[in-house]
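Working notes for the structure below.
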Amino acid sequence: MGGGAVSLKARALILGGADFFGLHLARRLVTEGYHVVVVDTLTRGRDRAEVAALGATPGVELIGGDLTDPATWAALRRGWAQIYLLPPAPLPKSIDSDPVRAVRGHALAALHLLDWAAPGDKVFFASSGEVYADGVEDGVVQVPTEEAEPVVVGDLAQPRSAYAASRLFAEAALVHAARAGRSRVVVGRFYDVYGPRMATDHLIPQMCVRAVRGDDPFLVKGPHRKRSFCYVGDAVEATLRLMEAPTAVGEIVHIGNDSPMSTVGDVARMVLRIAGVQPRVVAEPAPPGSPARRAPDLAKLRRLTAFEPSVDLADGLRRTFYWYRRTWAS
């Protein structure tokens, strides 16, 4: 914990923040002059060195706690300038193997936050563009996707559909609480955010690590899938702008990069070029439930915040690959 008294207006609370996006957000908030408190179980298989380094950062305090447990919330102090609820980024394997955990985590964390938050609290909830996946596959949701597009949840027996439903449950509870004046909530739906420190179960970090290892053949699942990828620094910037925008309260807003979509195969080729290796590339089927296309429409985000993405895919991939090369080589 940093020394000395900290002004209440400079205190930020990140709930579930010892994860990829939370690490980047916490570091950015510290540079903006906030004292940051991160509450997390600290047990979900993250890079412990990264989490330890975050905890050692002046102005950052780590607290162990389970956000599904009312006792964690009862122990939290009050008086925060900003509060961020960040459910963990979806890992395909964990969603498939334990969908109950994802559904329970999103639902209980959101409901506990509603009961705990004060009317004046400024809250950001991190959701996902994954909520549109079933609708895209059914042909009823346009891509790029606006916030007004219908949300369609498919077969709840499918883990990814259940995951999307849990996100929507949390969104609905928090948005309507905001519109009823119970707190000042904005919901951000993230689209394919990537960057350094992300778990290697995810697409781009996995490619970077396999390129560093020199995998040959180099397997690419679903190379024809199209995505519009967003570098994590841009996602953090958009999030902070939304938190400062009074007109964003009670709104659901897409966060991402709306540059032309790239295929997964194109991304693989870019990573291999950056790595300077030329393995045999072998296509494999896409993971179950992974939509053929995903990209956000950012018109609403621009209208509310004047945000523009600043890191293109080539630059973001270079930054990401070099971080993994340094990390895996050490």
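The values are calculated or read from the model by the stated rules, or taken from the named source; none is laboratory data. Note that the structure is a prediction, hence the values are computed from the model and not measured. Quick reminder, even Gly has a Cβ in these numbers, built from the backbone with ideal geometry, and neighbours come from all protein chains shown. Side chains are part of the model used for accessible areas, which takes the heavy atoms of the whole protein and leaves out ligands, DNA and RNA. Shrake-Rupley method; radii C 1.70, N 1.55, O 1.52, S 1.80 Å.
Of the residues D201, D258, D266, D215, which single one is farther than 17 Å from F125 by Cβ and in a helix (DSSP H, G or I)?
On the way: D201 fails: in a helix (DSSP H, G or I); D258 fails: in a helix (DSSP H, G or I); D215 fails: in a helix (DSSP H, G or I).
Sole residue among the options that is farther than 17 Å from F125 by Cβ and in a helix (DSSP H, G or I): D266.
What helices (runs of 4 or more DSSP H), lying completely within the range 74-173, carry at least 1 residues that are more than 21 Å from the chain's Cα centre (by Cα) and modelled with pLDDT of 85 or more? Break it down into steps so the answer makes sense when it comes.
On the way: elements: 92-97, 99-116, 133-138.
Passing ranges, in order: 99-116, 133-138.
Quick one: which of P309, P285, P296, P291 is touching a Ser or Thr at 6+ places or on another chain (Cβ under 9 Å) and under 28 Å from Q158 (Cα atoms)?
Values: P309 fails: under 28 Å from Q158 (Cα atoms); P285 fails: touching a Ser or Thr at 6+ places or on another chain (Cβ under 9 Å); P291 fails: touching a Ser or Thr at 6+ places or on another chain (Cβ under 9 Å).
Criteria check complete, one pass: P296.
Of all residues in the range 36-51 being farther than 19 Å from H202 by Cβ and modelled with pLDDT of 80 or more, which is most open to solvent (accessible area, probe 1.4 Å)?
Only one residue tops the list, namely T41.
So which of L272, L240 ends up being outside any loop (DSSP other than H, G, I, E, B), open to solvent by less than 40 Å² (accessible area, probe 1.4 Å), touching a helix residue (DSSP H, G or I) at 6+ places or on another chain (Cβ under 8 Å) and over 20 Å from V209 (Cβ atoms)? Quick ask: steps written out before the conclusion?
On the way: L272 fails: over 20 Å from V209 (Cβ atoms).
On inspection, the qualifying residue turns out to be L240.
Are any residues in the range 273-297 touching a residue at least 40 places away in the same chain (Cβ under 8 Å) and small (G, A, S), and if so, which ones?
Answer for the range 273-297, where residues must be touching a residue at least 40 places away in the same chain (Cβ under 8 Å) and small (G, A, S): A275, A283, A286, G289, S290, A292, A295.
Does R213 fit the bill of being closer than 25 Å to E50 by Cβ, more than 14 Å from the chain's Cα centre (by Cα), basic (K, R) and surrounded by fewer than 16 Cβ atoms within 10 Å (Cβ to Cβ)?
yes
Would the range 149-160 turn up any residue that is in contact (Cβ under 8 Å) with a residue 24 or more places away in the chain and open to solvent by less than 10 Å² (accessible area, probe 1.4 Å)?
Initially, the range 149-160 is screened for residues in contact (Cβ under 8 Å) with a residue 24 or more places away in the chain, giving 158-160.
Keeping just the survivors that are open to solvent by less than 10 Å² (accessible area, probe 1.4 Å) gives none.
No, the range 149-160 contains no residue that is in contact (Cβ under 8 Å) with a residue 24 or more places away in the chain and open to solvent by less than 10 Å² (accessible area, probe 1.4 Å).
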